[in-house]
Every structure is written in structure tokens, then in C-alpha cells.
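K.L.:
Handing you a structure now.
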Amino acid sequence: MKQKPTSAYVHIPFCTQICYYCDFAKVFIKNQPVDDYLDALLSEFRAYDIHELKTLYIGGGTPTAITAKQLAYLLSELTKELDLSHMKEFTIEANPGDLTPDKVAVLKDSAVNRVSLGVQTFNDRHLKQIGRSHNEAQIYSTIDSLKGAGFDNISIDLIYALPGQTMADVEENVSKALALDIPHLSLYSLILEHHTVFMNRMRRGKLNLPTEDLEAEMFEYIITQMKANGFDHYEISNFSKPGFESRHNLMYWDNAEYFGCGAGASGYIHGMRYRNRGPIQHYLKAIKEDRHARLSEEYLTKEEQMEEEFFLGLRKKSGVSIQRFEEKFGVSFEERYGQVVKELREDGLLSKDKDFIRMTQKGLFLGDTVAEKFILE
């Protein structure tokens with residue numbers, strides 16, 4: 001009997017407005033069949049017969065774009081069949097400005113114990129430029145109301161290397177983020193995705209982005225400041241106070257399996273990676289007819305699984321465990337990758353002790369280009 005995943009991701013695709021850099025599965029919430037969607041989502045979740053989870057993550061879109069009543073329904077129904085004594089972390093994503101007092105009250109009464117806020121930047125001018133609907137003042141009031149409701153495990157997302165952003169802007173963002181006195185921060189550099197407002201602007205030469213050198217400087221500055229303030233740089237883009245690492249995200253980077261529910265959500269169960277249908281009406285129809293909405297299902301070859309182990313594992317500070325790798329795949333690490341590791345160490349991109357390989361700070365900035373070296377022809 002295969003072991004069931006102990007993590008689940010649940011997708012709420014609604015947003016009160018669409019940001020210029022975002023390519024996630026999402027729709028503008030006005031006139032959408034939100035209630036029908038929540039019922040379909042819960043029916044998909046129940047079809048997996050889930051009773052025990054260590055981590056549950058509700059992402060989007062913007063989960064807090066739905067009404068307080070809908071939110072209460074979703075949270076109570078998701079946890080109805082779960083043995084909550086096993087739940088280590090239950091995260092919901094939220095936007096400053098969406099978390100009205102009645103929604104904070106709903107979260108307080110639920111099993112949610114971690115809130116991740118899409119802050120992106122503290123600069124009101126930049127917030128407008130990237131299509132965010134909140135302002136700096138709302139960031140502070142939202143965090144205050146969450147702390148007031150007893151939430152201590154709060155994370156924020158920030159984006160750096162935004163159009164027109166200077167080093168001084170990044171320094172200001174970092175100092176304002178640290179002043180919030182919260183235990184987890186995720187800092188991402190802006191990535192231009194297809195079919196986004198920003199990509200279209202760049203193609204027309206209308207997006208003034210920082211140079212790669214400046215972006216590298218910003219990344220180094222962020223790492224230095226975070227470490228100086230007691231944060232552990234435990235994954236390329238993530239920093240936490242001891243004990244506040246995102247357990248759900250570590251599950252992804254450990255290449256573990258998980259349920260994925262909702263329109264456009266991905267999952268990984270019994271060696272199969274799958275992706276659900278994205279458009280909401282297609283999703284609703286599929287759940288009604290088939291009880292699942294999987295559009296693509298892919299069983300990974302052993303080679304692909306090994307590649308993923310590097311792409312995901314090298315993102316973590318702890319790196320890839322050589323022993324775990326050999327046990328999992330039944331191959332000699334040294335025979336297969338000894339030469340690759342040697343070359344990457346000589347280039348100062350990788351460090352190795354007898355148990356683990358991990359990226360150096362220089363390697364982290366290059367990210368996937370280091371992991372790509374482990375794809376053997």
C-alpha cells in the first residue's frame with residue numbers, strides 16, 4: 001500500500017485585481033461563480049479521502065478575495081474530516097487591504113496558523129506601477145490586526161529588481177520589512193512571464209529594469225541584511241527565524257508528494273505529476289462529471305526524478321543529501337556525478353562535505369544553471 005501524501009495545496013483563483021507581473025491561474029472575481037467553485041473544490045478534495053495532513057496551503061489568486069462567509073465555509077469544510085492533531089502548518093495567502101476585520105475574525109476561529117501576505121514592496125509609487133491595489137499604510141494595519149488576533153507566524157513576499165527600482169529602494173524595503181518584527185520573509189527577483197502586462201511592455205521597450213549586476217548587488221545586500229538580523233537563508237528566496245521555515249514549501253523542495261486541488265492546481269501523487277484544468281467553467285464541468293479535473297498526468301522516469309531532486313534540493317541551504325539520494329535511486333552518487341561536482345566546486349558554485357552538496361552564495365544567484373549541470377546526456 002503506497003503511503004498517502006501528507007501535504008495538500010488548495011487553489012483559489014479569484015483576485016480583486018490582476019497584477020502586471022502575474023501569470024498564475026487567476027480571474028477577476030466580479031461575476032464569478034464563487035460558491036459553485038468552492039463546492040467543486042471541496043468535492044475534489046473529498047474525493048482524495050484525506051484524513052491526515054501535516055501541511056495544508058491555500059494559495060491563489062487571492063484566497064482572501066472571497067467574502068468572510070465564503071472563507072468560513074471553505075476553512076471549516078476543508079478541515080471537517082481531518083485529524084488536526086497531525087497538522088503542523090496551515091497557511092493561507094492574503095493581500096493587505098483584503099483582510100477586513102470580519103475575515104481576520106474568521107481566520108482566528110479556524111485551524112489556520114500561518115498567514116502569508118503579498119506585500120511586494122512598501123513603496124506606494126511602485127505598488128501602483130505593478131498593479132497592486134493596496135498601499136503601504138494597509139500593510140501595517142493588516143499585520144497589526146493579524147498580530148492582534150494572535151497570529152505570530154506571519155510571512156511577507158517582496159519582489160526586488162522591479163522596473164525603475166534603485167538600490168536605495170531595496171534598502172528601504174528591507175529595513176521596513178525587518179521593522180515589522182515577523183519571522184519569515186520571501187524575497188523574489190522580478191521574473192518576466194509570458195502573457196503578462198510587464199512582458200508586453202518589455203517587448204515594446206517600455207520597461208526600465210535594473211541591470212543584472214545591480215540585481216546581483218540587490219540579492220547580496222538582502223542576504224547580508226537578513227543574516228545580520230537573525231534570519232536563516234534556508235532556501236534561495238526564503239529567510240526565516242529559527243523554527244519558522246515554511247514546512248509546506250520545504251515539502252516541495254524535498255521533492256515529496258502532495259495533493260493539488262482547484263482550477264489550474266498541480267499535484268504529485270504515487271509517482272504521477274498532474275495539472276488540473278485552468279478555466280473555471282472547464283474545472284466545474286470536469287469535477288461534476290469525473291470528480292477530478294486532471295488535464296495532464298505524467299509518470300516521471302527515474303532520470304527525471306533524479307533531475308528534479310537536484311533542481312528542487314539545491315534550492316535549500318541544506319542542499320541534497322548524498323546518502324538519501326543513493327537510497328532513493330539505488331545509484332552511486334560519486335560514479336555518476338563526481339565529475340560534475342568537481343567542476344562546479346572548482347568554479348566556486350558548489351560546496352560539498354561527505355554527506356551533502358549545496359550551492360555557494362555565488363551558485364545561489366545562478367540558481368537553475370547550476371542544477372542543469374546534473375542533467376546528464
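K.L.:
Kindly flag which residue pairs out of Lys26/Lys128; Lys88/Lys373; Lys108/Lys317 have an alpha-carbon separation exceeding 30 Å in this structure. Don't skip to the answer; put the middle values down first.
P.N.:
Values: Lys26/Lys128 20 Å; Lys88/Lys373 35 Å; Lys108/Lys317 33 Å.
Over 30 Å apart, Cα to Cα: Lys88/Lys373; Lys108/Lys317.
K.L.:
Under a straight-distance cross-link criterion of Cα-Cα below 19 Å, which lysines are reachable from Lys328, leaving out those fewer than 8 residues away in the same chain?
P.N.:
In chain and number order, the partners are Lys2, Lys4, Lys302, Lys316, Lys354.
K.L.:
Further question: Give me the number: length gained by fully extending Glu308 to Leu84, i.e. 0.36 nm times residue separation minus the C-alpha to C-alpha distance, one decimal in nm.
P.N.:
Working: separation 224, 0.36 × 224 = 80.64 nm, distance 3.07 nm.
The span from Glu308 to Leu84 would gain 77.6 nm if fully extended.
K.L.:
Something else about it: Points 7 angstrom from Cα along the Cβ direction at Asn113 and Ser266: gap in nanometres?
P.N.:
According to this spin-label approximation, the distance is 2.8 nm.
K.L.:
Mind telling me which of Met87, Met218, Met272 comes out most flexible in a GNM of the chain, alpha-carbon contacts under 10 Å?
P.N.:
Highest fluctuation among the options: Met272.
K.L.:
Roughly how many whole Å is it from the C-alpha centroid of segment 250-268 to that of segment 67-84?
P.N.:
So the two Cα centres are separated by 20 Å.
K.L.:
Largest first and to the nearest Å, give the Cα extent of segment 178-264 along each principal axis.
P.N.:
45, 38, 23
K.L.:
Let me ask another. Under a crude label model (7 Å from the Cα following the beta-carbon direction), how far is Tyr188 from Arg345 in nanometres?
P.N.:
3.4
K.L.:
Treat every Asp and Glu Cβ in segment 193-349 as -1 and every Lys and Arg Cβ as +1, leave all other atoms uncharged, and give the resulting dipole magnitude about the Cα centre to the nearest 20 debye.
P.N.:
960
K.L.:
How are the Cα pair distances of the chain distributed, in percent, across 20 Å bins from 0?
P.N.:
For the chain, the pair-distance distribution reads 26, 60, 14.
K.L.:
Once you have a ≥ b ≥ c as the square roots of the Cα gyration tensor eigenvalues for segment 222-377, tell me rounded if a/c is under 1.5, and otherwise prolate or oblate according to whether a/b is larger than b/c. If you can, show how the numbers build up before the last one.
P.N.:
Working: a/c = 2.51, a/b = 1.50, b/c = 1.67.
The shape class here is oblate.
K.L.:
Now a separate question. Checking the a/c ratio against 1.5 first, then a/b against b/c, what shape does the Cα gyration tensor give for segment 145-293? Please list the in-between numbers first.
P.N.:
Working: a/c = 2.17, a/b = 1.34, b/c = 1.62.
Oblate, because a/c is 1.5 or more while a/b does not exceed b/c.
K.L.:
Right, next: Counting only DSSP beta bridges with both residues in segment 7-253, tell me the antiparallel percent, nearest 5. Walk me through the intermediate numbers first.
P.N.:
Numbers: 6 of 33 bridges.
If we restrict to bridges inside segment 7-253, about 20 percent are antiparallel.
K.L.:
How do Cys22, Cys261 line up, fewest other C-beta atoms within 10 Å first? Please list the in-between numbers first.
P.N.:
On the way: Cys22 19, Cys261 26.
If I rank by nearby Cβ atoms, fewest first, I get Cys22, Cys261.
K.L.:
Need one number: nm distance between label points at Ser76 and Arg201, each 7 Å from Cα along Cα→Cβ, rounded to one decimal.
P.N.:
Placing both labels 7 Å along Cα→Cβ, they lie 4.3 nm apart.
K.L.:
Still on this structure: Find the centroid of the Cα atoms in segment 274-325 and in segment 163-195, then give the distance between the two in whole Å.
P.N.:
Here the two parts' Cα centres lie 28 Å apart.
K.L.:
While we're looking at this one, here's another question. Ignoring everything except DSSP H segments at least 4 long, calculate the 222 nm mean residue ellipticity for the chain; use -39,500 (n - 2.57) per segment, divide by total residues, nearest 500.
P.N.:
Numbers: 15 runs with 152 residues, N = 377.
Only helices count here, giving -12000 deg cm²/dmol.
K.L.:
When the chain is modelled as a GNM with alpha-carbon springs shorter than 10 Å, which of Val115, Val331, Val34 fluctuates the most?
P.N.:
With Cα springs under 10 Å in the chain, the top fluctuation among Val115, Val331, Val34 is at Val331.
K.L.:
Same structure again: Under unit Cβ charges (Lys, Arg +1; Asp, Glu -1), what dipole magnitude, rounded to 20 debye, does the chain have relative to its Cα centre?
P.N.:
Numbers: 45 positive and 56 negative charges, 143 e Å.
Result for the chain is approximately 680 debye, rounded to the nearest 20.
K.L.:
Now, a different point. If I build a Gaussian network model for the chain, linking alpha-carbon pairs within less than 10 angstrom, which residue out of Tyr274, Tyr188, Tyr337 has the largest mean-square fluctuation?
P.N.:
Tyr337
K.L.:
Could you pull out every one of the aspartates and glutamates with an alpha carbon less than 13 Å from that of Lys80, ignoring same-chain neighbours closer than 8 positions?
P.N.:
Asp49, Glu52
K.L.:
Next question. Using the number of other C-beta atoms within 10 angstrom as an exposure proxy, rank Ile143, Ile375 with the fewest first.
P.N.:
Ile375, Ile143
Where a number appears in this text, it was derived from the coordinates with a stated rule and is not lab data. Owing to the predicted nature of the structure, the values given are computational and were not obtained by experimental measurement. Note: ideal-geometry Cβ built from the backbone for every residue, glycine included; neighbour counts use all protein chains shown.
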